[in-house]
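The values are calculated or read from the model by the stated rules, or taken from the named source; none is laboratory data. Keep in mind that this is a model prediction, so the values were computed, not measured. Cβ sites come from the backbone with ideal geometry, for glycine too, and all protein chains shown count toward neighbours.
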Amino acid sequence: MTYVRPKFRHPELPKNKLGYTLSYYEGALSTLCAGCGHDSISAAIVQSCYEMDIEPHKVAKLSGIGCSSKTPAYFLSNSHGFNSVHGRMPSVATGAYMANRDLIYFGVSGDGDTASIGMGQFVHAVRRNLKMVYVVMNNGCYGLTKGQDSATADLGSKSKAGSVNPFEGIDLCGLALELGANFVAQSFSGDKHQLTPLIKAAINHNGFALINVISPCVTFNNNPGSTKSYDYVRQHIQTTGMADFVPIAETIEANYNEGTHKKIQMHDGSFLTLNKLAQDWDPTDRMSAVNALHASRAKHEVLTGLIYLNAQGKDLHNVLNSAATPLNTLKEDVLCPGNDALKGINEEMR
Amino acid sequence: MKPTDFKDPEYYHKVVDCQHACPAHTPVPEYIRQIAAGDYTSAYMINWDSNVFPGVLGRTCDRPCEPACRRGRVEEEPVAICRLKRVAADNKNADDVKALMPKGPFKSNGKKVALVGAGPASLTVARDLAPIGYEIHLFDELKAGGGFMRSQIPSFRLPEQVLNDEVNYILDLGIKQHFNHYVKSLKDLLAQDYDAVFVGSGAPLGRDLPDLPGRKEGGANIHIGINWLASVAFEHTSKIGKKVIVLGGGNTAMDCCRTSRRLGGEEVKVIVRSPFAEMKASPWEKEDAIHEDIPIIDNHVPKSFVVENGKLKGMMFEKVQAVYENGKRKLVPVGGPDVFFEADDVLCAIGQENSFPWIERDIAIEFDKWNMPVVNETTFQSTNKKVFFGGDAAFGPKNVITAVAHGHQAAISMHLFCMGMDLVADRPAPHVNLMHMKMGIHEWAYDSEVEPDLRYAVPQADKKLTLSNRMKEVELGFNLETGFKEAQRCLNCDVQTVFTESKCIECDACMDICPTACITFTENVETEEEMRKTLKAPATNLTQDILVSDLLPGTKRVMVKDENVCLHCGLCAERCPTSAWDMQKFFYNVTKAGKICQEPVLK
Ligand SMILES: Cc1cc2nc3c(=O)[nH]c(=O)nc-3n(C[C@H](O)[C@H](O)[C@H](O)COP(=O)(O)OP(=O)(O)OC[C@H]3O[C@@H](n4cnc5c(N)ncnc54)[C@H](O)[C@@H]3O)c2cc1C
Ligand SMILES: Cc1ncc(C[n+]2csc(CCOP(=O)(O)OP(=O)(O)O)c2C)c(N)n1
Ligand code: SF4
Ligand code: SF4
Ligand code: SF4
Ligand SMILES: [Mg+2]
């Protein structure tokens, strides 16, 4: 019996600007079911970090509980990680982010972890605009506990056992828009071409970036009648357009067309260009994005792509005007200003 | 692109790089697995069926399989395929092996053939035809069978016993032996009642330097390499001078210099015209020579033999350098005075030629402008329908394994010819088989784990010992433990990744897990050239095929797999939820003459 990933890699793998090949961004061998959409999202995260020349030690991966929340073990082995309690990833992320704003935060969660037990936490992370990428690996069920319907399961979706879900599903993108999120995207694990540039743009976004990725649970929710199966999603997918993330140093490609394309400048000067397929929607207009979501839902479509982007928002640190230096590098003289300062403060309180 | 036709046995055959590169297409990974399992007898028999001389070849083969080995593309060095063959040969059970071989007397089919020369080519024909009832007459001017394997390959590389055993396996099949019998006239032979004649007479003429000044005067101490080696092998020569120059850069030169070291040569040098890197000798033969304190002096062109008072003193050389023009090499003098090297004896090992003084030119055998017989490359038939050629006699000097491969094909042709069948249309297809390897979750019927592990070196006997006795074998061979470890380096390239597009749900799991980025799901494109550029890792090795699927049911894209550095680790199949990927063992075996009558050819 063997189930070990060989150490050999393709001898001609290209290297990124840091001199690393893709393999440097890999993680341990996945223990998820063969064919799980989550693994594919992990691969897209690996690809994105490689392409963005990110140093893995500058990334922190945070997750809750679930098959989805296990995935940080399967990508970026050389990064920091915290596998927290079910639904509590946003709290840990908040703490970590407040303590050190220099890291890139990857929150990885499931639909159960986010929309059921973790809903109370999720909404506050959005509302506070933590600068993080929040990926929901959304399979419409609790995969880890054998496939019970989750809160994102669509009304009428049939489970593997044959029962029909009697509740309306929570639309995480709609909710995030409502709560003021400035980066909202939706994608499909089976479409890395679309997902990878979205992740790259999300990493670069100055605030909370939600990517809700439909990610089929091949074992418990890939049956006929399920609205989160590979077949169903492929048949009902609609794309707002293909996004392309253009780093600051690069120029936008020549075939950019003002009529069909939209160019959105990000906070640091980089661009997100969007080949707009849906003409009646403006990704920089929140109302228009909400409408697009509603319209596609009414047509039983799965709308994917960038849904809304406002690059100008203020993230939590800027709102609170908190320390720019990571707390672990603050020296004693800064942290402990001395007796005179204390006296001064005490005086103010009198 | 059109979907790849992997039902064509040649598609998967090509994936088994070693087997494909082996002229006799020995099922290499199959026997390596048997060595790993400790079943040396089965490993030997698989070899014996394909290459007839596993013990000989396990020591002396030119190993075209090794440069082809996939392992060499992902790690520094290929699997030591050749020396693993020796492990099988050294450790087989001699009685079991004998019991598994065909045993005469065989029922006669009323046909009679003559084989000229008893080298590996003829012996292979004999082995393939004897069990199906042919009366076989084997002729050689030497006193025993084996051809150049006996007269040329020195005993310190190939012990006589090993050769005798394997030659005898064949002679024991009831071959009528005519040793010490030089065939003077093919015309006479054809006039006898043979149904077919095979010419396996080799390329017996060693090249000389007849026009070089001093050649005649120094003649007593100037020898033709292959004649000299034969005379050493048959114990007519047992000494050589202290200072020896060997001219030439091929394997014959290496055997000459190493043999000289064992016959009293103390300062033996190899002097060659070409640059060291371009010498014809195999790298390991050069290494072994250097190890025996034999310097190899390159870029020196012989100018003259220096003879004083009727005695050879040495040779003059001109120093040259290689210059390349339009891919062609020219050796250009670098200027400066010629260089003198002392020598008591000189051995010319500068090449061999064919020579057929015993074949009349009026017996319907056409010869080309190089005086070589015109021989069909598939059937090995000459323009005289009754006469077949093989081995070095067919297309010039090659090696033992090529001679064996020719022998198999010639035997098929001779059989078809004698049975009145068509030599091309009725040629048997290879025997192929695909077998599922899945045993359970994470369980395969082969050892799929792939670990980095560098090639193991074959231990050698002490130099003091080997240089003092020309019969003492230098290489000791792998012991069983190292043999096992080396066998484990094999990537099982015959366990194929078989793809069924109708089952694929395009979850990407296989693409994501593949350690060597072999698999890509992509839009179809027009040409292979374009496709090779769009893959996950560039498919730049054009000698390796890419497997393109039909349009996938979900997205109408295609699955493309670059075979180049696939580790055959089975992870794609392991991670595939629908078994769209399956690992299947592909067995490919060249059909031999003996199988034609057992398995009637389907038309
Ligand atoms: C020095 C040297 C070292 C070599 N080392 C290797 C090696 O390590 N590995 C390898 O793979 N190959 C090696 N080779 C090449 C290899 O030996 C030959 O390619 C191979 O033996 C060819 O086989 P064959 O059956 O065509 O003929 P041969 O082996 O050449 O046999 C031909 C036989 O025919 C006989 N014969 C010829 N004419 C007549 C006639 N008219 N009547 C009767 N008998 C006749 C000859 O006596 C000879 O015995 C070496 C060659 C040389 C010269
Ligand atoms: C506090 C707590 N309650 C319940 C559980 C049991 N539990 C483990 S995973 C899980 C659901 C996970 O669903 P989701 O987040 O969608 O992840 P998936 O496995 O589907 O990727 C539940 C309810 C738990 N581990 N902890
Ligand atoms: S149970 Fe479902 S979600 Fe969990 S690993 Fe398996 S396929 Fe993925
Ligand atoms: S067997 Fe499959 S996973 Fe392994 S290297 Fe080959 S294609 Fe990749
Ligand atoms: S793992 Fe299987 S089903 Fe998934 S993409 Fe690969 S071949 Fe298709
Ligand atoms: Mg879930």
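So, B:TYR44, is that one within 19 Å of B:VAL167 (Cα to Cα), part of a helix (DSSP H, G or I) and away from chain A (no Cβ under 14 Å) or not?
Details: within 19 Å of B:VAL167 (Cα to Cα): yes; part of a helix (DSSP H, G or I): yes; away from chain A (no Cβ under 14 Å): yes.
When the stated conditions are applied, B:TYR44 passes them.
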Among the numbered criteria (1) hydrophobic (A, V, I, L, M, F, W, C); (2) more than 17 Å from A:LEU144 (Cβ to Cβ); (3) within 12 Å of chain B (Cβ to nearest Cβ), which single criterion is violated by A:CYS49?
(3)
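Are any of the residues in segment B:401-418 assigned to a loop (DSSP other than H, G, I, E, B), in contact (Cβ under 8 Å) with a residue 24 or more places away in the chain and more than 16 Å from ligand 2 (Cβ to nearest atom)?
Just the residues of segment B:401-418 that are assigned to a loop (DSSP other than H, G, I, E, B), to begin with: none.
For segment B:401-418, residues assigned to a loop (DSSP other than H, G, I, E, B), in contact (Cβ under 8 Å) with a residue 24 or more places away in the chain and more than 16 Å from ligand 2 (Cβ to nearest atom): absent.
Going residue by residue through segment A:115-127, is there one that turns out to be more than 16 Å from ligand 1 (Cβ to nearest atom) and within 14 Å of chain B (Cβ to nearest Cβ)? Spell out how you get there, then give the answer.
Quick first cut of segment A:115-127, residues more than 16 Å from ligand 1 (Cβ to nearest atom) only: A:115-127.
Then keep just the ones that are within 14 Å of chain B (Cβ to nearest Cβ); that gives none.
No, segment A:115-127 has no match at all.
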Going by the structure shown, is B:PHE156 in contact with a His (Cβ under 6 Å, 6 or more places away or on another chain) and surrounded by fewer than 24 Cβ atoms within 10 Å (Cβ to Cβ)?
no
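So which helices (runs of 4 or more DSSP H) stay within segment B:479-547 end to end and still have 3 or more residues that are within 14 Å of chain A (Cβ to nearest Cβ)?
On the way: elements: B:480-487, B:509-513, B:528-534.
Filter on segment B:479-547 gives B:509-513, B:528-534.
Inside segment A:188-232, can you point out the residues that are outside any helix (DSSP H, G or I) and closer than 18 Å to B:ASP512 by Cα?
A:PHE188, A:SER189, A:GLY190, A:ASP191, A:VAL213, A:ILE214, A:SER215, A:PRO216, A:CYS217, A:VAL218
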Contact list, first residue from segment A:137-150 and on the phi > 0 side of the Ramachandran plot, second anywhere and away from ligand 4 (no atom under 16 Å from the Cβ) and small (Gly, Ala, Ser), beta-carbon distance below 6 Å, six or more apart or interchain, is A:GLY140/A:SER150; A:GLY140/A:ALA153
What residue, among those in segment A:126-147 that are within 13 Å of ligand 3 (Cβ to nearest atom) and part of a loop (DSSP other than H, G, I, E, B), is surrounded by the fewest Cβ atoms within 10 Å (Cβ to Cβ)?
A:LYS146
Some residue of segment B:218-239 being on the phi > 0 side of the Ramachandran plot and in contact (Cβ under 8 Å) with a residue 24 or more places away in the chain
no
Which numbered condition B:GLU473 fails, given (1) in a helix (DSSP H, G or I); (2) more than 30 Å from B:ILE365 (Cα to Cα):
(1)
A:SER150: surrounded by fewer than 24 Cβ atoms within 10 Å (Cβ to Cβ) and within 16 Å of ligand 3 (Cβ to nearest atom), yes or no?
no
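Identify all residues within segment B:272-298 that are among the small types (Gly, Ala, Ser) and out of contact with any Ser or Thr (no Cβ under 9 Å at 6 or more places or on another chain); write none if there are none. Talk me through it step by step, then tell me what you get.
Let us first name the residues in segment B:272-298 that are among the small types (Gly, Ala, Ser), namely B:274, B:277, B:281-282, B:289.
Result: B:SER274, B:ALA277, B:SER282, B:ALA289.
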Do we have B:LEU434 as surrounded by 14 or more Cβ atoms within 10 Å (Cβ to Cβ) and at pLDDT 95 or above here?
no
(1) surrounded by fewer than 23 Cβ atoms within 10 Å (Cβ to Cβ); (2) within 36 Å of the chain's Cα centre (by Cα); (3) within 12 Å of ligand 5 (Cβ to nearest atom) all hold for B:THR543 apart from (3)
On the basis of being within 14 Å of chain B (Cβ to nearest Cβ), within 16 Å of ligand 2 (Cβ to nearest atom) and modelled with pLDDT of 95 or more, does A:GLY37 make the cut?
yes
Take the residues in segment A:6-33 that are crowded, with 22+ Cβ neighbours inside 10 Å and touching an Asp or Glu at 6+ places or on another chain (Cβ under 8 Å); name whichever of them is farthest from the other protein chains (Cβ to nearest Cβ).
A:LEU32
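Of these, B:PHE317, B:PHE305, which one is touching a His at 6+ places or on another chain (Cβ under 6 Å), more than 16 Å from ligand 3 (Cβ to nearest atom) and part of a strand (DSSP E or B)?
B:PHE317 is the lone residue from the list that is touching a His at 6+ places or on another chain (Cβ under 6 Å), more than 16 Å from ligand 3 (Cβ to nearest atom) and part of a strand (DSSP E or B).
Please enumerate the residues belonging to segment B:64-78 that are outside any helix (DSSP H, G or I) and in contact (Cβ under 8 Å) with a residue 60 or more places away in the chain. Don't jump to the end; show me each part of the working.
Here is the first cut: in segment B:64-78, the ones outside any helix (DSSP H, G or I) are B:64, B:69-70, B:75-78.
The answer is B:PRO64, B:ARG70, B:GLU75, B:GLU76, B:GLU77, B:PRO78.
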Just one listed residue, out of B:LYS328, B:LYS269, is charged (D, E, K, R) and either surrounded by 17 or more Cβ atoms within 10 Å (Cβ to Cβ) or in contact with a helix residue (DSSP H, G or I) (Cβ under 6 Å, 6 or more places away or on another chain) (or both), and it is B:LYS269
When you check B:GLY218 against the structure, is it in contact with a helix residue (DSSP H, G or I) (Cβ under 6 Å, 6 or more places away or on another chain), among the small types (Gly, Ala, Ser) and closer than 30 Å to B:ASN309 by Cβ, yes or no?
no
Please state which of the following conditions A:THR71 fails to meet, knowing it meets all the rest: (1) within 20 Å of A:GLY112 (Cα to Cα); (2) facing chain B (nearest Cβ under 10 Å); (3) not in a loop (DSSP other than H, G, I, E, B).
(2)
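Got a number for residues in segment A:233-253 being more than 16 Å from ligand 5 (Cβ to nearest atom) and either assigned to a strand (DSSP E or B) or touching a residue at least 60 places away in the same chain (Cβ under 8 Å) (or both)? Break it down into steps so the answer makes sense when it comes.
First, the residues of segment A:233-253 that are more than 16 Å from ligand 5 (Cβ to nearest atom): A:235-253.
From the residues that got through so far, the ones that are either assigned to a strand (DSSP E or B) or touching a residue at least 60 places away in the same chain (Cβ under 8 Å) (or both) too are A:236-247.
Matching residues across segment A:233-253 total 12.
What about B:THR4, is it modelled with pLDDT of 95 or more, touching a Leu at 6+ places or on another chain (Cβ under 7 Å) and not in a helix (DSSP H, G or I)? Give the steps one after another, and end with the answer.
Details: modelled with pLDDT of 95 or more: yes; touching a Leu at 6+ places or on another chain (Cβ under 7 Å): yes; not in a helix (DSSP H, G or I): yes.
Yes: the conditions hold for B:THR4.
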I'd like to know if segment A:98-107 contains one or more residues that are crowded, with 18+ Cβ neighbours inside 10 Å and either within 16 Å of ligand 3 (Cβ to nearest atom) or assigned to a helix (DSSP H, G or I) (or both).
no
